[in-house]
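S.K.: I have a structure here, written as structure tokens, and I will follow up with some questions on it.
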Amino acid sequence: MTPQAITRAGAPLFNQSGNAGDILGSEFNPRYYEQTYRGNVFSVANQAAVTTSTSLNTTFTGLAVANPAGSGVNLVISKFTCAQFAVGAAAVVSIAAGAGAAAGSLVIRNRLYGGAASKAVASAGATIAAPILLVPVGSVGSVATTGYGLQSGLQVDLEGSLIIPPGFFVCSDTSIATTSALIFGFSWVEIPI
């Protein structure tokens, strides 16, 4: 396959193609730079350790991010994080989602500091519609954090494979209730519909 000529300021540039006609390229900037620079990347985290509710509880505690109806954007979830802060109960940590929205009290940050506000809302506790487990991502233990030594916590790269449209939410989930032991975080890109 012959490369196609593209010009910039009169000088030809060429797209490299693979055997199947796919375009070959390389990353010039870090992976999320372009979307972050455009002010489309947001994140939220609990600001202190939270007590979590039992699995799939509609009186939810943990971390939930909701996309209000009429927001005009999809929330494309890129990262989920969880760290154990104190002695907790042994539990499976999962990501869950559902229809509806939760009132937000947590401050969502644009990853381009000084950028526009998010269309989403986030909460550490709210009454929500019944969520559905999407994927277990790890577990936490019942030993004091000093018993584990230095741990990096859970960091799950969803690579944009979870989209929360307007009128839906995503949340953390633990298989059993834990007491003031966990801190959660979500990162996402807001894409206009």
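The values are calculated or read from the model by the stated rules, or taken from the named source; none is laboratory data. Here the structure is a predicted model, which means the values were calculated and not measured. All Cβ positions, glycine included, derive from the backbone under ideal geometry; neighbour counts span all protein chains shown. For accessibility, only protein heavy atoms count, side chains too; no ligands or nucleic acids. Shrake-Rupley method; radii C 1.70, N 1.55, O 1.52, S 1.80 Å.
S.K.: What FRET efficiency do you get for Q47 and I193 if R0 is 30 Å and r is their Cβ-Cβ distance, rounded to the nearest 0.05?
M.R.: 0.50
S.K.: Sort T174, T54, T179, T81 from largest to smallest accessible area, using a 1.4 Å probe on the heavy atoms of the protein chains. Before the final figure, lay out each step's value.
M.R.: Values: T174 5, T54 65, T179 100, T81 45 Å².
Largest accessible area first, the list is T179, T54, T81, T174.
S.K.: Out of region 36-86, which chymotrypsin sites (Phe, Trp or Tyr not before Pro) are coil in DSSP terms and have no more than 10 other C-beta atoms within 10 Å?
M.R.: Working: sites: Y37, F42, F60, F80, F85; in loops: F85.
For chymotrypsin sites (Phe, Trp or Tyr not before Pro) across region 36-86 that sit outside H, G, I, E and B with at most 10 neighbouring Cβ atoms in 10 Å, the list is empty.
S.K.: A further question follows. Would you please classify the overall shape of region 57-161 from the alpha carbon gyration tensor, given that a ≥ b ≥ c denote the square roots of the eigenvalues, rounded means a/c under 1.5, and beyond that prolate means a/b larger than b/c while oblate covers the rest? Each step should come with its number before you reach the end.
M.R.: Working: a/c = 1.95, a/b = 1.53, b/c = 1.28.
Taking the square roots of the gyration eigenvalues as a ≥ b ≥ c, region 57-161 is prolate.
S.K.: Using the Karplus curve 6.51 cos²θ - 1.76 cosθ + 1.60 with θ = phi - 60°, what ³J(HN,Hα) values do you get for each residue of region 158-173, in whole Hz, with x for Gly and Pro?
M.R.: For region 158-173, the Karplus curve yields 7, 6, x, 7, 10, 10, 9, x, x, x, 10, 9, 10, 8, 6, 8 Hz.
S.K.: Taking a probe of 1.4 Å, how large is the accessible area per residue of region 84-193, in Å²?
M.R.: Details: 5550 Å² over 110 residues.
It amounts to 50 Å² per residue over region 84-193.
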